[in-house]
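Written below as structure tokens is the structure these notes are about.
Bear in mind that the values in this text are calculations on the coordinates, not laboratory data. All values reported here derive from a predicted model rather than from experimental measurement. Cβ atoms come from the backbone with ideal geometry, glycine included; neighbour counts cover every protein chain shown.
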Amino acid sequence: MDVRLQISMVFHLDKCIGCHTCSVACKNVWTDRKGAEYMWWNNVETKPGTGYPTSWEDQGKYHGGWEQKNGQPDLKMGGRVLRVLNIFHNPYLPKLDDYYEPWTYKYEDLFNAPEGADQPTARPVSMVTGQPMEIEAGPNWDDDLGGSPIYAANDPNLEALTPQQREELFEIERLVFFYLPRICNHCLNAACVAACPSGAIYKRGEDGVVLINQDKCRGWRMCVTACPYKKTFYNWSTGKSEKCILCFPRLETGQAPACFHSCVGRIRYLGALLYDAEQMLPAMAVSDDKLVEAQREMILDPFDREVQAAALKNGIDAAAIEAAQRSPVYKYVKDWKLALPLHPEFRTLPMLFYVPPLLPVMAKNEDGLYDASGKELFSPIEKARLPIEYMASLFSAGNNDLVRYALKKQYAVRLFKRMETVGDIEHATVKRALEQVEMTEEEAESIYRLTSLPTVDDRYVIPPSHREEAMQMLNDDMLAEKGMAGLGFRELPVRGA
Amino acid sequence: MKLDITPEVLTMRLICTAAAAVLFSAPAFAQQPSAAAGVFEKRCYSCHNIGGGDKKGPDLKGVTTRQSTEWLREFIKAPAAVNRKGDSVATGLFKKFAPEVMPDQDLADEQIDAIIGMIDGLTKKNEAFVPAGAKLNRPIAPGDVEAGYQLFTGRAALSGGGSACISCHNVSGSGRLGGGTLGPDLSAVNVRYKDPELISILQNPNFPTMKSIFGTRPLNDEEIVKLFAYFQNAKLVAPIAPAPAASAAVRIEPWFVALGFAALLMSLALMNRAWKGRLRGVREELVRRNQ
């Protein structure tokens, strides 16, 4: 057993209101710089939709992530030889247009324009060229199903649906969408790390945060292609690549990352997981429908004495193990099996998990009448507006059972609380719903508490950061480093450095 | 570490220096015009004439009537600094002789005064400066041109250890790939410089780049004769290569241009084939298909 610690995340999609506050918080903190204007380390997508960059999930185009070749995982963008041959021309990079050309407005024209017959306007200008431009796309251009015939209709996940299901999805008054906030998944077997020719990307030993060393990065952009989630970005000004750093300076001071901190719907949970690194290769080798379970198997029980001993032996301190025991992520992913990884079939073992949204039907269209007075408050999962197959394509590599279980469990919790608070549901009905997912009433209560009434301390259980220990792992001679660390970049990231 | 300067040695040195200062003081210098001429020949003549026309730098004849002695002193010591100050004469000279920049001269005030005195004397007498030492030590013999060619191209090593001329200079016909381009083309150097001027440069190349190489690794008299002979007769060694005039264009065969163009097209086609599956914009494609 090779126990390691990972700061892991859960996004509860049933609570996401798609307000983009997380994206703006991240933008203001990290990517409000020259060359980074087009980057959204955190973005919120509408599903069905093509997301940002356009159709990022379509690995037939972008060639990101891993695939099994002769029983060995290999990057989908090609083996070593092919990557060397492509090193000066990586053919699978998204264009700037696939992200969007960042723009601002010439606000000063509103004040400085000479007097005339018309109102002065602030023309949009490109933040790359500075020239006036026509805005044709944005990072959330298909927000709330905007431009559906172009974007939502081309969602790669719709391939999992029958033509009839697909048609129903876009019927008027049946239209449905939900939001998918995305950040870097800080994968256990990150493809970006494997693809970097310069060895600039690394997974931090103490908490598993994946980072790009700006001193080492030479801007080959192999990571941009390799990351199937398209969460590494090339900064055209510094000539280096950048990505979400999980706000590690905040983590190290015990604060949640900016996007978590600012989340209005409080959908985000953050906590430590202990996992067994030895199981990584076997977990990557299983068939698509078993991927989620294999990944769950890797996550170890922090209450297990053996695991604790192995963790201590690997240099994980007792306080971190204690944090792993209180981790809300462990509860959602392992205890309750509510949270699922996004596109596990990319085989990077992403460590950001999503609770699939329930999207209950509140009304129905019968004989041309819109009827909102349904007898049952919550319609059963089978009648969900978004087919299970669609969710399974997103969250379980096509394994419908896992998604159905997660949704049924949420459904049971709702029935249970409805019975308790309103009392218009038979106890037998609730009991049946609980039994279907083998859930006790205590578990239902704790799911309800962590979902609906969590405090900041419940949502974010950040293990104390022992930077001094992490530094010691790198360097025995601490005095040699005295006064040399902790002052930010020794050199600014620039081209050619 | 052992110091090899003991107090005794130091004392002796101080006494000697003091004695030298007394012996070779300013008046002694001024009374010896030949000393000034020697310094001028070594330090200034590479770039300046007195009454022989402009070289890399201006002819200095009459400069003493145009500029004050103070100005001359200041300029000789730090020409770039005077130019930076915005002195109109200096900026004019820098502009006229660009891109050449006169290096700062670490000459003593007495030496400078002696040189100024010499220039003044020659101007008044309306004579030109004739370098005393710029002479070949023997007449040119028939084999010297070929021997000079060997030295120029580095086939024969220079005795002082300096790098071969071809490292930085080109002479038309000096080799298949030609010479270096750091220094000027020497194909017609015998036309550009008068004989004593050229010999003097070979003896004391006082250009900043050459000085750094040949200051400590001078050419010997024999090598000077041979190289001089070669520069006079470069055409004899490689008669097929005509000395290019400044404006003469290299002749390019039309078929060669066509071949290059065809090769370019071919390699572009090959690259297009090799990267056939490259991504050509995902969003644009979606929009196009929808219209």
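In sequence order, the stretch A:197-212 has phi-based couplings of x, 8, x, 8, 9, 8, 9, 4, x, 7, 9, x, 6, 8, 10, 10 Hz under the Karplus curve 6.51 cos²θ - 1.76 cosθ + 1.60, θ = phi - 60°, and Gly or Pro positions carry x. Among A:MET9, A:MET419, the order by Cβ neighbours within 10 angstrom, fewest to most, reads A:MET419, A:MET9.
For B:ASN190 and B:LEU268, the FRET efficiency from 1/(1 + (r/R0)^6), where r spans their Cβ atoms and R0 equals 41 Å, is about 0.30.
In chain A, the sites counted are chymotrypsin sites (Phe, Trp or Tyr not before Pro) in DSSP loop states with at most 13 other Cβ atoms within 10 Å, and the longest stretch holding none of them, exclusive of the sites, is A:108-302. In straight-distance terms, cross-link reach from A:LYS203 covers every one of the lysines whose alpha-carbon lies under 19 Å from its own, apart from those fewer than eight places away in the same chain; here that gives A:LYS216, A:LYS230, A:LYS231, A:LYS240, A:LYS243. The B:LYS276 and A:ASN400 beta-carbon pair, evaluated with R₀ = 35 Å, returns a calculated FRET efficiency of approximately 0.40. Across chain A, the longest piece that holds none of the GluC sites (Glu not before Pro) lying in DSSP loops with up to 12 other C-beta atoms within 10 Å covers A:174-375. With a simple spin-label model that places each label point 7 Å from the Cα along the Cα-to-Cβ direction, the separation between B:ALA98 and B:ASP120 comes to 3.4 nm.
Taking label points 7 Å from Cα along the Cα-to-Cβ direction, B:ALA108 and A:ASN213 give a separation of 5.8 nm. Excluding A:PHE260 itself, calculate the net charge of residues whose Cβ lies under 11 Å from the Cβ of A:PHE260, where each Lys or Arg counts +1 and each Asp or Glu counts -1. So the environment of A:PHE260 carries a net charge of +4. Database remark: amide H of A:VAL44 closer than 5 angstrom to the amide H of A:ARG182 (H placed geometrically; neighbours at sequence offset of 5 or more, or on other chains; Pro and chain starts carry no H).
Each Lys or Arg adds one and each Asp or Glu subtracts one; over the other residues with Cβ under 14 Å from the Cβ of A:GLN6, this totals +1. A dipole drawn for the protein assembly as shown from +1 and -1 charges on Cβ atoms has a positive end, and of A:ALA406, A:LEU246, A:GLN59 the residue lying farthest that way is A:GLN59. Shape summary: the stretch B:26-125 maps onto an equivalent ellipsoid whose semi-axes, from the alpha-carbon gyration tensor, are 22, 15, 13 Å in decreasing order. Near B:LYS55, the amide H atoms lying under 5 Å from its own belong to B:ASN49; only residues 5 or more places off or on other chains count, and H is placed 1.01 Å from N.
Note down the relative contact order for the stretch A:265-461 as a percent, whole number, built from C-alpha pairs under 8 angstrom at least six residues apart.
Relative CO of the stretch A:265-461 lands at 22 percent.
Only Lys, Arg, Asp and Glu carry charge here, each on its Cβ (+1 for the first two, -1 for the last two); on that basis the stretch B:27-99 has a dipole of about 200 debye about its Cα centre. Simple point charges give the picture: +1 on the Cβ of Lys and Arg, -1 on the Cβ of Asp and Glu, and for the stretch B:133-273 a dipole about the Cα centre of about 240 debye.
Taking 7 Å steps out from each Cα toward its Cβ at A:ASN112 and B:GLN150 produces label points 7.3 nm apart. Separation of the stretch B:163-220 and the stretch A:31-60, taken as the distance between their Cα centroids, equals 62 angstrom. Each Lys or Arg adds one and each Asp or Glu takes one away; over the other residues whose Cβ falls under 9 Å from the Cβ of A:GLU67, this sums to +2. Full extension of the chain between A:ALA285 and A:ASP335 yields a length gain of 15.6 nm, computed as 0.36 nm times the residue separation minus the alpha carbon distance. Dividing the mean sequence gap of close Cα pairs (under 8 Å, 6+ apart) by how many residues chain A holds gives a relative contact order of 21 percent.
Here the contact order of the stretch A:247-335, divided by its residue count and restricted to Cα pairs under 8 Å and six or more residues apart, works out to 33 percent. Using θ = phi - 60° in the Karplus curve 6.51 cos²θ - 1.76 cosθ + 1.60, the 3J(HN,Hα) couplings for the stretch B:78-89 round to 8, x, 5, 5, 5, 4, 5, 5, x, 4, 5, 5 Hz; x is entered for Gly and Pro.
The three principal axes of the C-alpha atoms in the stretch A:265-461 carry coordinate ranges of 65, 36, 30 Å, sorted with the longest axis first. In a simple Cβ point-charge model (Lys, Arg +1; Asp, Glu -1; nothing else charged), chain A has a dipole of about 1080 debye relative to its Cα centre. Computed from the C-beta positions of A:GLU278 and B:ASP54 and an R0 of 51 Å, the FRET efficiency is 0.05 to the nearest 0.05.
For the stretch A:375-453, trypsin sites (Lys or Arg not before Pro) are listed when DSSP marks them as loop and at most 11 other Cβ atoms sit within 10 Å of their Cβ; the list is A:LYS375. For A:SER241, nonlocal amide neighbours, meaning residues 5 or more places apart or on other chains whose placed amide H falls under 5 Å from its own, are A:GLY219, A:ASN235.
Take the Kirkwood radius over Cα pairs of the protein assembly as shown, plug it into Stokes-Einstein at 4 °C and 1.567 mPa s, and you get 38 µm²/s for translational diffusion.
Along the stretch A:397-412 the Karplus relation, 6.51 cos²θ - 1.76 cosθ + 1.60 evaluated at θ = phi - 60°, assigns HN-Hα couplings of 6, x, 7, 5, 4, 5, 5, 4, 4, 4, 6, 5, 5, 4, 4, 5 Hz to successive residues, with x for each Gly and Pro. Shielding value for A:146-152 is 2, the average number of Cβ atoms from other chains within 10 Å of each residue's Cβ.
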